[in-house]
Amino acid sequence: MNILGLSFDYHDSAAALIIDGEVIAASSEERFSRKKNDASFPMQAIQFCLTKSNLTIEDIDFVVFYEDTLLKFDRIFKTSFFNSQKRREYFWPVLKDWIVKNKFFTMEKISSFLSIPSSKIKFVKHHEAHAGSAYFCSPYKEAAIVTLDGVGEYQTMTISKGEGSQVKLLSQCNLPHSIGLFYSAITAYLGFTVNEDEYKVMGMAGVWQTHFYDQIKNLFELKEDGTFKIDQSYFEFSNPVSLPFNKKFEDLLGARRDSSKEFFLAKGKEYSNEHRVNNERFANIAASAQKITEEVIEHVVVSALRMADSKNVCLSGGVALNSLANGIIKRKYDIDMYVQPASGDAGSSIGAALYYYNTKLKSPKRVRF
């Protein structure tokens with residue numbers, strides 16, 4: 001069984017080829033186009049996968065896309081269309097983008113680009129693809145599965161139980177409550193690029209103090225079922241026109257960093273007292289946000305292990321790349337952990353193919369040791 005998994009149209013386009021449940025080849029389109037975070041149809045990545053496996057497109061049994069496009073638009077429509085201001089500032093520009101880039105007709109686009117019948121094209125949900133990339137690449141016969149990112153169609157976090165070739169959803173968070181979007185909001189607040197520079201926030205967190213911990217912690221509520229809530233009066237996660245946070249958030253923590261100004265705290269470098277105070281504040285905010293993020297991830301993972309009755313956990317989604325949080329959990333608990341190396345949307349091309357092969361076709365999971 002030859003299955004091609006695809007992700008494209010938003011960011012980090014990629015393709016992956018599995019044969020009988022084994023990943024044979026996978027690549028991001030940016031590796032060939034040299035365009036960072038390339039969102040275009042991954043034709044070159046597809047060709048790489050086919051060449052690597054000595055197959056042609058005619059040999060492919062199924063092509064699986066990594067999310068439900070129309071369900072994603074359903075969320076965008078419901079969260080913005082019925083508010084006149086949001087409809088004008090957010091919905092109409094997004095709708096125009098979807099029309100111009102032909103995002104409504106994913107099946108037709110794949111069929112046209114690859115010259116294959118629509119009957120070969122399948123879809124899984126965004127967090128199913130993340131879960132598939134984590135669990136089905138892991139060495140475990142059973143495991144708790146945690147996915148954490150910004151947002152898929154509606155979901156921002158899922159807890160599942162993986163057993164054999166099946167994945168059972170146990171709990172979930174939906175937009176607007178998203179630890180991924182919270183971390184992106186901190187990234188934007190600190191003057192960095194969202195979906196690209198989150199690692200800079202994690203790096204800043206390691207060199208300063210958590211003086212803003214209490215202020216930020218009060219924005220979170222952790223639930224018994226592993227879910228969490230974030231006080232939305234400080235953020236704009238559902239329909240971010242320009243920034244994912246608002247004035248109330250700046251009133252809480254102070255004015256955001258001007259990205260045009262240098263961020264520097266190295267010892268021995270001359271800078272003004274105002275520069276030092278401001279940049280120390282920003283570093284303290286990064287450290288505080290990181291600590292809260294670690295606590296939320298730990299809360300979700302511990303809940304997942306309990307709910308799945310397992311000592312194995314698999315993680316995927318952009319937030320799963322928070323290595324500081326993963327390290328704390330691994331050292332603190334007597335568990336086995338697998339983190340999908342390609343936890344972002346590019347890796348979802350692998351997950352889409354594996355999830356469909358295992359759960360939809362009910363194929364036996366290949367256990368890797």
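The values are calculated or read from the model by the stated rules, or taken from the named source; none is laboratory data. All values derive from a computational prediction rather than experimental measurement. Neighbour counts run over all protein chains shown; Cβ positions are idealised from the backbone, glycine included. What goes into the accessible areas is simple: the full protein's heavy atoms, side chains included, and nothing from ligands, DNA or RNA. Shrake-Rupley method; radii C 1.70, N 1.55, O 1.52, S 1.80 Å.
Check whether at least one residue in region 153-168 is open to solvent by 40 Å² or more (accessible area, probe 1.4 Å), part of a strand (DSSP E or B), free of Cβ contacts under 8 Å to residues at least 40 places away in the same chain and more than 22 Å from Asn326 (Cβ to Cβ), and report yes or no. Yes, there is a match, as at least one residue in region 153-168 is open to solvent by 40 Å² or more (accessible area, probe 1.4 Å), part of a strand (DSSP E or B), free of Cβ contacts under 8 Å to residues at least 40 places away in the same chain and more than 22 Å from Asn326 (Cβ to Cβ). Pairs please, first residue from region 188-213 and closer than 16 Å to Asp258 by Cα, second anywhere and among the polar types (S, T, N, Q) and not in a loop (DSSP other than H, G, I, E, B), Cβ atoms under 6 Å, 6+ apart in sequence or on different chains. Here the result reads Val194/Ser184; Val194/Thr187; Asp197/Thr187; Val201/Thr187, each pair linking region 188-213 to a residue that is among the polar types (S, T, N, Q) and not in a loop (DSSP other than H, G, I, E, B). Just one of the numbered conditions (1) at pLDDT below 95; (2) under 16 Å from Pro139 (Cα atoms); (3) open to solvent by less than 10 Å² (accessible area, probe 1.4 Å) is not true of Ala283: (2).
Scanning region 27-78 for residues that are under 22 Å from Met107 (Cβ atoms) and small (Gly, Ala, Ser) returns Ala39, Ser40, Ala45.
The set of residues in region 53-108 being assigned to a loop (DSSP other than H, G, I, E, B) and either surrounded by fewer than 17 Cβ atoms within 10 Å (Cβ to Cβ) or more than 23 Å from the chain's Cα centre (by Cα) (or both) consists of Asn54, Leu55, Thr56, Ile60, Asp61, Phe81, Phe82, Asn83, Lys101, Asn102, Phe104, Phe105.
Being over 16 Å from Phe123 (Cβ atoms) and open to solvent by less than 20 Å² (accessible area, probe 1.4 Å) is the filter here, so list the residues in region 340-369 that pass it. Within region 340-369, Gln340, Ser343, Gly347, Ser363 meet the criteria. If you go through region 322-339 and keep only what is touching a residue at least 60 places away in the same chain (Cβ under 8 Å) and open to solvent by 20 Å² or more (accessible area, probe 1.4 Å), you end up with Ser323, Leu324, Asp336, Tyr338, Val339. Return the pairs, sorted by first residue and then second, in which the second residue is open to solvent by less than 40 Å² (accessible area, probe 1.4 Å) and not aromatic (Phe, Trp, Tyr), the first residue lies in region 226-252 and is farther than 30 Å from Lys161 by Cβ and assigned to a helix (DSSP H, G or I), the beta carbons are less than 8 Å apart, and the residues are 6+ apart or on different chains. Final answer for the pair search is Tyr234/Leu219; Phe249/Ala185.
Within region 21-41, being in contact (Cβ under 8 Å) with a residue 24 or more places away in the chain and out of contact with any helix residue (DSSP H, G or I) (no Cβ under 8 Å at 6 or more places or on another chain) holds for Glu22, Ala39.
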